[in-house]
Each structure stands twice: as structure tokens, then as C-alpha cells.
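Written out below as C-alpha cells is the structure these notes cover.
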Amino acid sequence: MKKENTSSISMEKSAINFPYYPGIILSFFLLNLGGCSGSKKFLNLKPILLEREAEVNIRYDYDVIKLEAPVIIIDSIPTAFRFSLYQRIRPGELLIERVFFPGEPIQLILPRTLFSSDTLGNLAILDPLGGNYKKLEQLFTLSSVQEQVLFPFVVTLAPYVLKFFVLERMNGDPVAQAKVIVSNGGNILGFGITDSLGFARITIKRVEHPWEFLRVSIRTGGNYPPWSGNVEVSDQTIFEKTIWLGTALAKNNGGVFYKVIEDLTPLREGPENGSPTIFFLNMGDRVYVTKVAGDRLYGSVEVFTDDPNVFIDFSGWILNKFVQVAE
Amino acid sequence: MGCLWSQISGNIHSVPEGAKIIINGQNVGITPLENFQLETGDQTFEIVLEGYVPARKLIKIQEAKSIFIEFRMKKLYNIIFTSHEADFIFVFNKVDTVKGEKNYLLIEEGEHHLEVFRKKESLEEKIIIIDKNKTIKYKLQHMQDNSRDKLDNENVQ
């Protein structure tokens with residue numbers, strides 16, 4: 001039996017194919033090793049950087065509130081309105097200020113975080129422009145809803161503030177409890193009573209077309225003669241005047257001051273009955289008496305002219321029942 | 001006494017997406033992160049994504065309804081940097097030093113300042129632009145950008 005050298009055959013076959021397989025396998029490994037080593041070379045390297053700030057885009061979405069301020073105009077229409085908002089605890093830090101024109105609704109849409117969450121923790125100020133208007137302020141609590149309407153701002157003209165000092169002419173002492181009346185065209189616009197310092201403050205509503213002057217009258221319940229005079233007013237808001245009451249007659253003749261206690265007391269030319277009357281005196285008028293004859297007194301009286309700073313002295317007789325000694 | 005900081009809703013994004021977000025040292029997730037509760041005040045953000053420069057930013061979070069944060073990442077490129085001169089010293093951005101004829105570098109995208117020294121003598125200064133994986137063959141007076149051949153053979157990824 002002939003044995004085939006199968007082993008030699010297979011060897012031959014193998015000898016034929018063997019060179020290709022190693023080549024392929026070797027190439028495969030070399031390729032992969034090369035590739036693996038290439039990418040591995042970049043691992044764990046300390047990178048070369050430009051040391052730039054990280055590029056970040058940030059955007060906030062705020063919860064907002066729509067605030068509305070209604071306006072009611074009483075007198076004339078202002079040129080514009082300046083609307084400002086503050087937190088009450090920080091009155092020096094303006095949150096926002098905007099100018100609105102008449103007819104334009106006063107509305108602002110603002111981030112809720114701008115405001116204070118305290119009760120009455122926010123302040124709204126409306127300043128009407130273009131005239132003597134009153135500046136208006138309103139404290140409010142921020143509402144939790146999306147829209148908030150404030151109480152209406154009532155726009156009026158700023159009033160006149162009249163300040164009077166009423167003093168006695170002779171010694172400069174203040175005249176207390178004097179009634180000061182301000183009028184125009186017969187209409188009483190305001191009045192006040194002086195305090196212990198002789199001071200009275202009267203507020204008068206301003207009108208669209210201001211008066212040229214105001215009539216001021218002072219009554220002292222008979223202690224001094226009534227005083228009246230005109231005072232000029234213009235665009236100014238605050239007005240001050242000092243008014244002197246009483247006589248300036250000097251006590252240099254040894255006389256005594258009497259005051260008239262009845263209205264329409266006659267001052268006569270002579271002491272006799274039926275003597276002509278020079279004029280009639282008012283309650284409170286001062287008479288400087290230098291002579292006494294029974295129940296008749298002779299003295300001097302100051303008479304006001306149209307100019308409150310100009311006086312005329314008259315002398316005459318008066319019955320003592322119409323006067324009493326002035327304190 | 002409890003914590004007085006309030007919280008707001010945060011949406012954190014990155015370009016590209018898939019970056020790990022670390023806030024004040026704590027891993028909070030992967031971008032995009034939506035409706036994440038952030039505390040107001042100073043917060044340190046770190047964003048990490050493989051192949052990109054890690055970003056770090058201190059952000060003061062304000063009181064608001066919500067916040068949107070987007071980090072734009074800078075890519076790191078694989079650069080094979082070669083030179084015929086073995087004694088050249090290459091300094092990138094006046095900070096990073098490279099020596100030798102062949103170096104494998106990881107460089108941030110953008111324009112880099114390169115200064116070339118031999119011993120202590122400055123030979124040249126250049127701006128090189130890194131915008132892709134490539135091989136840079138340096139020659140004095142000019143540089144060659146030989147990306148194609150070397151790239152295929154080296155399998156730079």
C-alpha cells in the first residue's frame with residue numbers, strides 16, 4: 001500500500017498559501033499598532049491654551065408688573081407730567097423717572113424685583129409741569145397681580161400761602177388773636193387768627209387767572225382800630241407781610257391813651273353840646289387825651305389814609321362814656 | 001437659622017451639547033439642563049466636554065423669574081509639530097515651551113503666538129492659526145502646513 005505523503009502534500013499546500021497569510025496578518029497588526037500609537041500620543045497631553053475667559057451667554061427673564069397712575073385735572077391742564085418711582089426706605093435712589101404728556105396714559109412696565117415688597121414700601125411722585133401746580137406723592141404696596149392701578153392723582157394748582165405778622169406800632173409787640181381776612185371783590189377767600197407771636201398763615205386756592213392784588217383786613221375786637229389794605233400777588237406761591245396796628249402817637253405831653261369802645265363815636269370840635277362833629281370814630285380807635293373837663297375829654301386821633309403808612313392827626317372832644325383807658 | 005438665598009429656574013446649555021456641568025464642585029448633569037433650580041448669589045460653573053477646553057466661570061445669579069446660560073466651548077485640536085532643527089525651542093503664547101524635531105500637541109482653536117529660539121536667541125515670531133487637526137512642519141522664515149499626507153498615515157483623531 002502506497003502511502004501518500006499527505007503531510008508533505010499538506011505541507012506543500014501550506015507552503016503555497018503560507019506566505020500570504022503572514023503578510024496580511026502582519027500588515028494588519030502593523031497598521032493597527034501604528035494607528036493606535038498615533039491616537040494614543042495625544043492622550044493625557046497638557047493642552048496649549050489661549051487663556052481666554054469662558055464665552056458665556058446669559059439672559060434673564062424677569063417677572064414684570066404693569067403700573068398705571070390715573071390723573072384727574074381740576075384746574076388748568078399742565079404742560080406735562082413727570083412721574084417718578086422710589087422705594088420708601090431709599091428716597092434718594094430714583095428707580096425710574098419718565099415724562100408724560102396730557103392725554104397720554106401714565107403706564108410703566110417694570111421688573112417686579114425693582115420694587116419693595118413691604119407694605120406701603122414704594123413711593124410714586126407726580127410732578128405736573130408748566131405752572132404753579134402742587135407736587136403729588138402716593139405711597140403704595142406692590143400688588144401680587146400683573147397689573148396695578150394706583151389711586152388717582154388729583155392735579156390742582158398750588159395754593160397761595162400768605163404769611164402775616166401783626167405787631168403793635170408803638171412798641172413792636174405782637175398782637176395775638178387778631179382776625180386776618182383775605183378777600184377780593186367782596187368775596188372772602190380765606191382767614192386766620194394770629195397766634196401769641198402775632199403770626200397767621202392763610203392758604204388760598206390759586207385760580208387759573210390770578211388776581212393782581214388781594215384785600216387784607218384785620219379785626220382785633222376793639223383793641224385796635226380796624227386795618228385794611230391791598231397786597232400785590234403775582235406768580236409767587238409764598239407771600240409775607242408785616243402789619244403794624246395802633247397809633248404811633250408819642251406819649252410826650254403827659255397825656256393818656258384811651259380807646260374808643262363804641263362805633264360811631266363823634267369827635268367834636270368843641271366841648272359844648274351841639275358842637276360840630278369832625279368825624280365819627282370806630283371801636284378800638286386810640287385817642288391820646290391831654291385835657292379832661294368833666295365828662296368831656298380832649299385829645300388827638302390818628303386817621304388812616306388810603307396809604308396805610310400815612311396818617312393824619314385830628315384833635316377834638318369826646319365824651320368819656322365812649323372811651324376807656326387803654327391798657 | 002436657615003439659608004436665606006432664594007432660587008430661580010435655570011436653563012443651562014452648551015455648544016456643542018453633552019457637556020458635564022459642575023456647580024460649586026457638584027456634578028449636576030449633562031447639557032442641555034432645563035428647569036434646574038439655581039440659588040441666587042455667586043455660583044461657580046465648570047463645564048467639561050471631551051475634546052474641548054474646560055470652561056470655568058463665576059456667575060452672580062440675580063433674582064429673576066428664570067435664567068438662560070449658554071457656554072460656547074473651544075475645541076482642542078491634535079497637532080503634529082515638526083521641525084528640521086533639533087535645537088530649536090518653540091514658545092507658544094509666551095507660556096508653553098516645546099522642544100525637539102517632532103511633538104504631538106493638543107492646542108486650543110484660535111490664533112496662537114509662536115516665538116522661535118535657538119539657545120537664548122529669538123529667531124522669529126509668528127501667529128499660527130489652529131482650526132483643525134493637522135501637521136505643522138516648521139522651517140525658519142516660513143512654515144509648511146502639510147496636513148494631508150501625515151494625517152492619513154498617523155490617523156490623528
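Structure notes:
- A:S275 being at pLDDT 90 or above and surrounded by 14 or more Cβ atoms within 10 Å (Cβ to Cβ): yes
- Counting only strands (runs of 3 or more DSSP E) that fall entirely inside region A:167-213 and contain at least 3 residues that are small (G, A, S), no element qualifies.
- The residue that is surrounded by the most Cβ atoms within 10 Å (Cβ to Cβ), among those in region A:80-106 that are touching an Asp or Glu at 6+ places or on another chain (Cβ under 8 Å) and not in a strand (DSSP E or B), is A:I106.
- Here B:I12 fulfils each of the conditions (1) more than 9 Å from every other protein chain (Cβ to nearest Cβ); (2) surrounded by fewer than 21 Cβ atoms within 10 Å (Cβ to Cβ); (3) closer than 30 Å to B:D131 by Cα apart from (2).
- Listed conditions (1) at pLDDT 95 or above; (2) within 27 Å of A:T113 (Cβ to Cβ) are all met by B:I22, apart from (2).
- Residue in region A:48-64 that is assigned to a strand (DSSP E or B), surrounded by fewer than 15 Cβ atoms within 10 Å (Cβ to Cβ) and more than 14 Å from chain B (Cβ to nearest Cβ) present: no
- Some residue of region B:45-64 being of a type in the set (K, R) and more than 13 Å from the chain's Cα centre (by Cα): yes
- Meets criteria (at pLDDT below 95 and of a type in the set (K, R)) for B:K60: yes
- Strands (runs of 3 or more DSSP E) lying entirely in region B:45-110 (those with 2 or more residues that are more than 7 Å from chain A (Cβ to nearest Cβ) and of a type in the set (K, R)): B:74-83
- Qualifying residue in region A:17-38 (condition: within 14 Å of chain B (Cβ to nearest Cβ), more than 30 Å from B:L58 (Cα to Cα) and modelled with pLDDT of 55 or more): yes
- Unique residue being surrounded by fewer than 16 Cβ atoms within 10 Å (Cβ to Cβ) and closer than 30 Å to A:G221 by Cβ when the list is A:Q138, A:Q177: A:Q177
- Residues satisfying the stated conditions in region A:107-141, i.e. assigned to a loop (DSSP other than H, G, I, E, B) and either more than 14 Å from chain B (Cβ to nearest Cβ) or farther than 17 Å from A:E93 by Cβ (or both): A:D118, A:T119, A:L120, A:G121, A:G130, A:G131, A:N132, A:K134, A:K135, A:T141
- Residue within region A:47-67 that is at pLDDT 90 or above and closer than 22 Å to A:K135 by Cβ present: yes
The values are calculated or read from the model by the stated rules, or taken from the named source; none is laboratory data. The shown structure was predicted, so the numbers you read here are calculated from the model rather than taken from an experiment. Positions of Cβ are backbone-derived with ideal geometry, glycine not excepted, and every protein chain shown enters the neighbour counts.
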